[in-house]
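Engineer: Take this structure, written in structure tokens, and hold onto it; I'll ask about it next.
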Amino acid sequence: VWFIVGACVLALVILALTVTILRFNQLSMARSLCDEAKRQLLVELRGRHALVPAYIGTLQQITTRDLSSVELALASAQRAPFGPRGAAAENALTRTIDEAAQLPSQISDRAIAADSSLAMQTGPREELDTTIALLHGQLNVLAERILAGARIYNTNVDLYHRQRERAVSRLFKNVFKAREPFTETDQERSSAEAEPQDQFGASNRTGSAGS
């Protein structure tokens with residue numbers, strides 16, 4: 001009888017140990033998937049950040065209009081922490097990039113002569129328009145990649161957090177820390193939209209928020 005009881009206890013201990021190790025490995029794999037998705041997302045974010053200055057510089061060749069809203073949005077996106085604030089900053093950067101892309105079509109021929117006489121000496125307007133369109137297209141492609149990367153990352157984070165909430169997984173909560181989703185919240189959106197106005201005030205009411 002004692003032998004049977006001992007065997008049962010040993011079997012339960014082995015089972016519990018196996019379940020614990022299995023859960024630990026599952027958490028480790030889920031965390032690794034989150035970290036890899038974040039790494040890939042950061043690559044896309046940095047790629048876009050590196051391209052925006054060339055976009056701004058090309059726009060400045062055809063207009064003297066203030067592009068500080070784009071510069072501010074870029075600076076905000078670069079310094080924003082990864083997470084909801086970062087997502088809000090990136091969304092704001094996307095909006096300012098798209099708004100700046102409308103400038104060439106808004107400039108009349110007379111305004112071009114007044115604003116860009118020096119720039120027109122370096123090349124025809126058509127070439128600059130084409131360059132701006134190409135840069136904007138590349139930025140749009142990167143924006144789509146960022147959205148796709150954010151969806152993959154957020155899906156992995158959601159699965160990881162579900163794993164953390166399971167009974168055995170709670171033993172390892174101090175080892176497997178939570179991960180912030182890369183999703184803009186209403187609070188972060190409001191904060192991002194208010195930031196440029198706070199910094200520029202009445203002199204730049206049209207500037208959009210830093211991303």
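Engineer: Test LEU33 against the stated conditions and say whether it is closer than 30 Å to PHE172 by Cα, buried (at least 16 other Cβ atoms within 10 Å of the Cβ) and in contact with a helix residue (DSSP H, G or I) (Cβ under 6 Å, 6 or more places away or on another chain).
Structural biologist: When the stated conditions are applied, LEU33 passes them.
Engineer: Please state which one of THR122, THR130 is modelled with pLDDT under 90, not in a helix (DSSP H, G or I) and not small (Gly, Ala, Ser). First the steps, then the outcome.
Structural biologist: On the way: THR130 fails: not in a helix (DSSP H, G or I).
THR122 is the lone residue from the list that is modelled with pLDDT under 90, not in a helix (DSSP H, G or I) and not small (Gly, Ala, Ser).
Engineer: Which pairs have Cβ atoms under 8 Å, sit 6 or more apart or on different chains, and link a residue in segment 146-171 that is without any contact (Cβ under 8 Å) to a residue 12 or more places away in the chain to one that is surrounded by fewer than 14 Cβ atoms within 10 Å (Cβ to Cβ)?
Structural biologist: none
Engineer: Another one. With SER32, SER69 as the choices, which residue is assigned to a helix (DSSP H, G or I) and closer than 13 Å to THR96 by Cα?
Structural biologist: The unique qualifying residue is SER69.
The values are calculated or read from the model by the stated rules, or taken from the named source; none is laboratory data. All values reported here derive from a predicted model rather than from experimental measurement. As a convention, Cβ positions derive from the backbone with ideal geometry for all residues, glycine included, and neighbour counts pool all protein chains shown.
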